[in-house]
Structure formats: C-alpha cells, structure tokens
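One structure is given here, and the rest of the page talks about it.
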Amino acid sequence: MNNTERLTRVRMIADYQFGKGIGKELFPDGSTFQLSRTKRIRQVLYSGKRIATARAKDGFFTLSIEGASVVHKLLPGKRLRVVVSEEAAPFVEKGKTAFIKHVVEIDPELRAGEEVLVTDEADRLLATGQLLLSPAEIMAFDSGAAVDVRAGVASKKEK
C-alpha cells in the first residue's frame, strides 16, 4: 500500500467518524504515516506534528490538539462537543478529566467511547478526549467522569 492509498483510507475513516469532507481537511496532501510492525497505520502526521492516532481495537482515530482544532473549525454548532462550565474550563484545558457535574451541554448524537471535543460555553476548544458515558447517562447522573481527556490545549503532555 502506498502513501496515496493510505491517505485515501484515512480520509474515508475520518469522513465516517467526524462527518463528510473532514478527512481532506484533517489529513491534507503531504501527510505522512507512522506504521506499526505489521504495516498498519498507527499515526498520521502533518509537517512533523501528530494529527491523529488509529486505535488498535477499532481503527478509529484519537485526535491530537492540532487535529481537534481542525475538526472544531469545520463542524458546525454543537456537533461532537461536550460543553463544560466556566469553573471547570481551566482544569480541562490542562488535560484533567471532565466530570459530569460540569457538563453544561452535550451533543445528543454522541455515543459512549467516541472521540469528542471539549469546549467552554463560548465554544472555545479546551481539550479532546473519549466520551465515557452516553449523553443520556451524563444528563441523568450527578457525579462521575464524563470525558477521559486525552490532551488539553494548555497541557504539555501528548498521550
């Protein structure tokens, strides 16, 4: 499989995961790939920065902050978003877990396990992570973790 075929494949997965047309923006021409020993796509890089990593269990992408900001710009309104309160924002952007009691709003189309964007009420991107529960559960419960934050805009660590 050459790079052109890999690029086509990752764009198709991104279109499915995040919405039509996102793949081309998320992975522009010139994207490079880090492969596993079995030659599967592990990471997609663009100009030396990690944009996304393919999850081994399902092939879907986990986003870096660079990747998340591209998706954030392209997706309208509240799509793929978990909105947290202003008092939780400083912690979440440092890469801390977003808890249920701080969730102000959530995209009802989301499913547990999906990659989400965490924003504040002004729709400023704070972090990217994995949704731990369904939107209905998050709205029903009072406590517990809502989003396992992978990377915050102010966090230095990249998982």
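The values are calculated or read from the model by the stated rules, or taken from the named source; none is laboratory data. What you see is a predicted model, and the numbers here were worked out from it, not measured in a lab. Positions of Cβ are backbone-derived with ideal geometry, glycine not excepted, and every protein chain shown enters the neighbour counts. Just the protein is used for accessible areas: all its heavy atoms, side chains included, with ligands, DNA and RNA removed. Shrake-Rupley method; radii C 1.70, N 1.55, O 1.52, S 1.80 Å.
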Is region 57-79 home to any residue that is open to solvent by 30 Å² or more (accessible area, probe 1.4 Å), aromatic (Phe, Trp, Tyr) and within 15 Å of residue 153 (Cα to Cα)?
no
May I ask you to list the residues in region 120-143 that are crowded, with 19+ Cβ neighbours inside 10 Å and touching a Leu at 6+ places or on another chain (Cβ under 7 Å)?
125, 128, 131, 135
Looking at region 71-112, which of its residues are in a strand (DSSP E or B) and either among the aromatic types (Phe, Trp, Tyr) or not assigned by the TED database to the domain that holds residue 127 (or both)?
99
Only one residue in 116, 104 is in contact with a strand residue (DSSP E or B) (Cβ under 9 Å, 6 or more places away or on another chain) and open to solvent by 40 Å² or more (accessible area, probe 1.4 Å). Which one?
104
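Residues are listed down the side, and each one gets a yes or a no for (1) open to solvent by 40 Å² or more (accessible area, probe 1.4 Å); (2) part of a helix (DSSP H, G or I); (3) hydroxyl-bearing (Ser, Thr, Tyr):
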| residue | (1), (2), (3) |
| --- | --- |
| 9 | yes, yes, no |
| 12 | yes, yes, no |
| 25 | yes, yes, no |
| 28 | no, no, no |
| 43 | yes, no, no |
| 51 | no, no, no |
